[in-house]
Amino acid sequence: MNKTYRAATLAVGLLLAACGGSSHSGSAPKVPEVVAGSNWPGISVSTATASAEVPVDARRNLAPLLATRVFNRPAPLAEYGLDHPQATLGYRGPGGQTVDVDVGALNFDRHFVYVQRRGQPAVYLVPADTLRATLAVVGIDLKPPE
Amino acid sequence: MSRSRRRAVLIGLAIVVAVVVGNVVAYAHNAQADLSATHHFSLAPQTKGVLDQVKAPLKVTAFLNKAGAEARDARFLLARYQELNHHISFSVIDPDADPTAARRFGISQYSTVVVMYKGRRVEAPAVDELDVSTAILRAVRGGTKTVCVLAGHGEPALDDQTGAGLSKVGDILRHNAYDVRTVDLTVGQPAVPADCAALFDFGPRDPFGPQEVQAINAYAKAAGRVMLVTSSLTRADPNPLTVPWGVHFLGGLVVDPQRSEGGDPTNVVIEDLPSASPVVDGVNRLQFPASAGVAVDPGLRDGLTVERLAVTSGASWVESNPDNELQFDKNDLPGPVVVATASDDSHVDTPSGLGSAAGGHIVRTRVLITASDTWLTNDFLDRLSNRRFFVNGLAWLTQEEQLLATTAQVSTDRSLPLTAERQARILVITVGLVPGLIIGAGLLAHFGWRRRRRRA
């Protein structure tokens, strides 16, 4: 009896685990994060000719920096304007760690911008509205969609 | 080895060989059957007709997010095109992953489809059958034709989506790659533009001015194509426009108690389509509400032929006094009544002052006349074969081989109405049958157990 009870319990457990697993796989995919966390004390934006600290109210869009799409095996970076980034976002953490994010070109319909975390292969698409105010600080005007 | 064992081995071997051969044959040949009730996974017959015209390599490029369901559906749809015509190839490009391709094609919106054929490029706004087929039709045709629609006499508008409007007609014209131009001859110097591939007058209510009649007839005589859709409701006299093409507008109201719908004898259903004209190809029956009658001139001049396209039943008549009564009397015209005609007038146009021996070219005029205009409105266009009739007429006038009559996007919503009969059936099953079976099974088990216990 005890053996039967244990077998039944195991079967029910496995069934529940399977149901749980399937419901998890059916849930919405996680939003890709280019830069995680919101507690970055300093974020700067720089170009080849200018550099500035991102205003506090604009930081909310940048930390965490969320993407709508991620390309893990991207085409050559020149296709995304990331061979010569138009700007770089510099994140400084409380422990002195730094993260640099290169900002490339607008996508084909100008709704998104290609970005890449320096040192990592993945290329991300970030809504242009997220970066528009920040890039304006260093004189970059992202053209709005037609 | 015994004989029976040998036979068993041989049968086993034969089965293995049959399975292997069957698999090899199946691998080399693809076949599929669309068993869905609405043929959701098949292309429409009109699309097949369009694809028959593709005689050279045609490339379809769809720009979509490759990760999305839309891209999967697009691949499925475009593969159906490729199956029907091997000149067609396709690719699905993700413009975000491949921005260079998007720039090369000049794409600025998702879901854009680019069709390339013989150096021509046509874009479709979405990856669905109607839009892709329309783009292919445009690419194959190589240019758009302009059709002109008369205004100024109370005609319903092509963008009017109400039941009495003509927005469905407007959609057909647009989907068949026609540029539609509205022509109002009541203002300025009346003249029908020479680039009108056809001139339509859909339901005039107010009279035509003499100069308008002159302009329309001058256009028609110069190899023009005219569709005149008039009715008993018009205050205009269409005869100056129809008589040159062998058709007399009788007016009145056609009453057909034998072939009509909804208990209204003026809501006429036409089943007699006696001509061999391409305008009635694939047309089984028509619904012509509030129709007047027309008569074909018995003495047609040389070169002019008139086809009686649609004729009412022998029990019908043209009521001359419809405001007072719908009874046949001596003032009425007995049926069968002609309600649609197609006139074709061909003559050789020779240079002036020279005889026919000097050569010349054939001038061909085509005029399609219907004595009802309600059949073309949004409320009636999809009744019986009305839509097919219009598309055939359009093709005949503009001399296009194949036009798209309808969208193949069928609704996947197959509703199951909860009728009283079904409600009763559900009640019997859920309240009676299912609980009854459970209780019955329980009782059987109970009595069986008691019997076994007594025996023990």
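Ranking B:Leu286, B:Leu233, B:Thr47 by Cα position along the charge dipole of the protein assembly as shown, where only Lys, Arg, Asp and Glu carry charges on their C-beta atoms, puts B:Thr47 farthest toward the positive end. Here's how it looks for A:Gly42: its modeled amide H is under 5 Å from those of A:Arg92, which are all 5 or more places away or on a different chain.
Per the Debye formula on identical point scatterers at the alpha carbon atoms of chain B, with no solvent, log10 I(q)/I(0) at q = 0.06 Å⁻¹ is -0.43. For region A:31-146, the equivalent ellipsoid built from the Cα gyration tensor has semi-axes of 20, 16, 14 Å, listed from largest to smallest.
If R0 is 60 Å, what FRET efficiency do you get for B:Glu325 and B:Ile429 from their C-beta distance, rounded to 0.05?
Numbers: r = 55 Å, r/R0 = 0.91.
For B:Glu325 and B:Ile429, the calculated efficiency is 0.65.
Explain nothing, just the number: relative contact order of chain B, from Cα pairs under 8 Å at least 6 residues apart, as a whole percent.
So the answer I get is 13 percent.
Applied to region B:4-10, the Karplus parametrisation 6.51 cos²θ - 1.76 cosθ + 1.60 on θ = phi - 60° returns per-residue 3J(HN,Hα) values of 5, 5, 4, 5, 4, 5, 5 Hz, with x for Gly and Pro. Sorted ascending by nearby beta carbons within 10 Å, beginning with the fewest, B:Thr305, B:Thr266, B:Thr374 become B:Thr305, B:Thr266, B:Thr374.
The stretch between B:Asn30 and B:Asp160 holds 42.2 nm of extra length on full extension. This uses 0.36 nm per residue minus the Cα-Cα distance. Close amide H pairs (under 5 Å, H built 1.01 Å from N) link B:Ala310 with B:Val339, B:Ala340, residues at least 5 positions away or on another chain. Measuring max minus min along each principal axis, the C-alpha atoms of region B:77-205 give extents of 55, 32, 30 Å (largest first). Shielding of peptide A:70-79 by partners, expressed as the average count of other chain Cβ atoms within 10 Å per residue Cβ, is 2.
The mean sequence separation of alpha-carbon pairs under 8 Å and at least six residues apart, normalised by the residue count of region B:259-333, gives a relative contact order of 31 percent. Sorting the Cα pairs of the protein assembly as shown by distance into bins of 10 Å, from 0 upward, gives 3, 11, 15, 15, 14, 14, 12, 9, 5, 2, 0, 0, 0 percent per bin. Here, region B:36-121 is characterised by an Rg to Rh ratio of 0.99, where Rg is the alpha-carbon radius of gyration and Rh the Kirkwood radius. The ranking of A:Arg110, B:Arg80, B:Arg425 by Cβ neighbour count inside 10 Å, starting from the fewest, reads B:Arg425, A:Arg110, B:Arg80.
Fewest neighbouring Cβ atoms within 10 Å first, the residues B:Glu70, B:Glu129 line up as B:Glu70, B:Glu129.
When the distances between all Cα atoms of region B:230-348 are binned every 5 Å from zero, what whole-number percent does each bin get? Computed distribution, short to long bins: 2, 12, 21, 23, 20, 13, 6, 2, 1, 0. Think of region A:38-146 as a dipole: +1 on every Lys or Arg Cβ, -1 on every Asp or Glu Cβ, centred on the Cα centre; then among A:Ala128, A:Val56, A:Tyr80, A:Val56 lies furthest on the positive end. Under 22 Å of direct C-alpha separation, and excluding same-chain neighbours fewer than eight residues apart, B:Lys66 reaches these lysines: A:Lys30. Between amide H atoms placed 1.01 Å from N, distances below 5 Å from B:Gly152 occur with no residue 5 or more places distant or on a separate chain.
None of the figures in this text is laboratory data; all of them are computed from the coordinates on show. Just so it is clear, the structure is predicted and the values come from calculations on it, not from any experiment. Glycine also receives a Cβ, built like all others from the backbone with ideal geometry; neighbour counts cover every protein chain displayed.
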